[in-house]
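The values are calculated or read from the model by the stated rules, or taken from the named source; none is laboratory data. Fair warning: this is a prediction, and the values are worked out from it, not measured in the lab. Using ideal geometry, Cβ is built from the backbone for each residue, glycine included, and neighbour counts are taken over all protein chains shown.
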Amino acid sequence: MLRFHKALLTIALILYSCLVKSQDQCSLLFQHNNDTIKEWQSRLQQKGLAAIQTFKGEFAEQKKWLYQEKLRSVLEHFDKPELVTDTAANNYIAAVMSKLTPALKAFAPQEINVYISRTGIPNAFTPGFHSVFINAGLLTRVQNEAQLAFVLCHEMAHIFLKHGEEAADQYLSSIQSKEFKQKVAAIKKQEFGQGRAIEELFKKFSFDSRRHSRFKETAADSLAIVWLSQTAYSLGQVISCLEVLDSIDTDRCDTKKVFEQYLNAEEYPVKAGYFGTTRRSVFGAAAYDDDTESLKMKDSLRTHPDCRQRIAYAGTLIPEAARNTGSKFLIDTARLYNLQQRLSNEVIEFALSHEKTSRGFFYAVEQLAAGDRNAFVASGISRSLNQLHQAQKVHTLGRITDLPNPQFYTKAYNELLYFIQNATLTDLAKINYYFTGSALKKYPGCKELAGSMAACAGNAGKAEEAAYWKKIYDQQ
Ligand SMILES: [Zn+2]
């Protein structure tokens, strides 16, 4: 009987191999080029060190030290495979940049380097040294090129107006101030709670050149609007872009519904208790009301806060008549959408390989909710559940997942974090086994799914199936 079973498996394996050869693989990621990274890294380092040498005047030495630290932390982005090196992707951004002539002229003969980060956090920032970083999390949300052009102009305006340097100067003078020194002296005399008091003091005087005051945000918006008004891009898209930024932290999916729709098997149904607090959870009942305090807290976490005020201010600068003129696209609609499609896979991959499993899992859940069911998203879900299973087994779950916190995270992400806290090893294994099994029927050529199935079938106690999928994985 066993021999018969094995023979069947072998036949299935041969049939499967033929089938697979006729199908595309599911790796929809960019190729990573290490030489490009090294080139970029040394270009930025040279540029940075040259800029640092020019510092003169009061606090010049401290400023040099501060900027060396800053340069070191910027260069960290080059250590992990965080930046997209794909030529077509970078050429596209360069093509959009080439349409922003007034901004480029303002910096000539120096050039601005734009880097695409694979991080899913929706943000763009300029760490100085004539460089702009735009995260995949933001690039995938802009609705057209004109909005992308505005984001780029806004960041370039921060550089042109030397907002980062101003912040550094303010920081250096504040820690040299009498007020700061007096506070440190007072804390030294304190008998208890010194540590906490120092922490509070540094929070008050902390330095983050990426966070700008409301005044600097509107100044950057104004200059960006002036630059953009001299290009062929639509000015009306500035306001639409700010609207997108304003809604960027709101939920795009309902976690429970995604589970019910995609991770619910007849043989192993989704349980009601997955998504709420239980005694295993260290946090109390969730409160998601957007009360003033939690809104304030959310806003303080953004590097570009105060979107509502920025929208009102931009409205005063852009006349009604100018809003419907200009183009949403000057380069190519398809190239932006193709880049966005690729990047939505990259955020899952980067989070699962280099950030936190819980985030990669969430990005994949968001994409399932959008009906975007490609093989890579399915394998992202499957890999997430395997990583969680493995970590829970060896008690290292805390390292790969955020903890639920209704004050910091949205309802949808919190629900996923509660699921991670509540699911047992059996839940993780069984849910994944049925999910991956059905995904493989849909995407039989996906090597990552086969590899993932080998692991989750094993976890679900199906040793023979695990061996079968392992063989398939090795053959591909
Ligand atoms: Zn800004």
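Residues in the stretch 171-189 that are surrounded by 13 or more Cβ atoms within 10 Å (Cβ to Cβ) and either of a type outside the set (V, I, T) or modelled with pLDDT of 80 or more (or both): Y171, L172, S173, S174, F180, K183.
What are the residues in the stretch 84-111 that are hydrophobic (A, V, I, L, M, F, W, C) and either in a helix (DSSP H, G or I) or surrounded by fewer than 20 Cβ atoms within 10 Å (Cβ to Cβ) (or both), if any? Within the stretch 84-111, A88, A89, I93, A94, A95, V96, M97, A103, L104, A106, F107, A108 qualify. Among the residues making up the stretch 403-413, those that are of a type outside the set (F, W, Y) and under 12 Å from C253 (Cα atoms) are T410, K411, A412. Pairs are defined by a Cβ separation below 9 Å, a sequence spacing of at least 6 or placement on different chains, a first member in the stretch 114-143 that is in contact (Cβ under 8 Å) with a residue 12 or more places away in the chain and not assigned by TED's automatic domain parsing to the domain that holds N91, and a second member that is more than 15 Å from the ligand (Cβ to nearest atom) and among the charged types (D, E, K, R); no pair meets this definition.
Residues that are more than 11 Å from C153 (Cα to Cα) and in contact (Cβ under 8 Å) with a residue 12 or more places away in the chain within the stretch 100-111 comprise A106, F107, Q110, E111, listed in sequence order. Just give me the residues in the stretch 443-464 being in contact with a Leu (Cβ under 9 Å, 6 or more places away or on another chain) and either of a type in the set (A, V, I, L, M, F, W, C) or surrounded by fewer than 20 Cβ atoms within 10 Å (Cβ to Cβ) (or both), in sequence order. Result: P444, G445, C446, L449, A450, M453, C456, E464.
Scoring Q110 on the criteria (1) closer than 23 Å to L330 by Cα; (2) more than 16 Å from the ligand (Cβ to nearest atom) leaves a single failure, condition (1).
Within the stretch 141-176, the set of residues being assigned to a loop (DSSP other than H, G, I, E, B), closer than 13 Å to A219 by Cα and not charged (D, E, K, R) comprises just one member, L161.
Among the candidates F215, F192, F202, F160, the residue that is modelled with pLDDT under 75 and either within 24 Å of I311 (Cβ to Cβ) or more than 16 Å from the ligand (Cβ to nearest atom) (or both) is uniquely F202.
Test Y92 against the stated conditions and say whether it is modelled with pLDDT of 95 or more and aromatic (F, W, Y). So Y92 fits the description; yes. N135 meets each of the listed conditions (1) out of contact with any helix residue (DSSP H, G or I) (no Cβ under 8 Å at 6 or more places or on another chain); (2) at pLDDT below 95 apart from (2).
Taking the stretch 113-125 as the range and being within 16 Å of the ligand (Cβ to nearest atom) and over 16 Å from the mean Cα position of the chain (by Cα) as the test, only V114 passes. A Cβ distance below 8 Å, combined with a sequence gap of six or more or placement on separate chains, defines the contacts here; from the stretch 147-173, residues that are over 21 Å from I52 (Cβ atoms) reach residues that are among the acidic types (D, E) and within 15 Å of the ligand (Cβ to nearest atom) in the pairs H154/D221; A157/D221.
Pairs linking a residue in the stretch 266-284 that is over 17 Å from K411 (Cβ atoms) to a residue that is in a loop (DSSP other than H, G, I, E, B) and modelled with pLDDT of 60 or more, with Cβ atoms under 8 Å and 6 or more positions apart or on different chains, are V270/L263; V270/N264; V282/L403. Only one of the numbered conditions (1) assigned to a loop (DSSP other than H, G, I, E, B); (2) at pLDDT below 95 is violated by T231, and that is (2). Considering only the stretch 135-145, I want to know if a residue exists there that is more than 18 Å from Y337 (Cα to Cα) and either in contact with a Gly (Cβ under 9 Å, 6 or more places away or on another chain) or charged (D, E, K, R) (or both). No - not one qualifying residue is present in the stretch 135-145.
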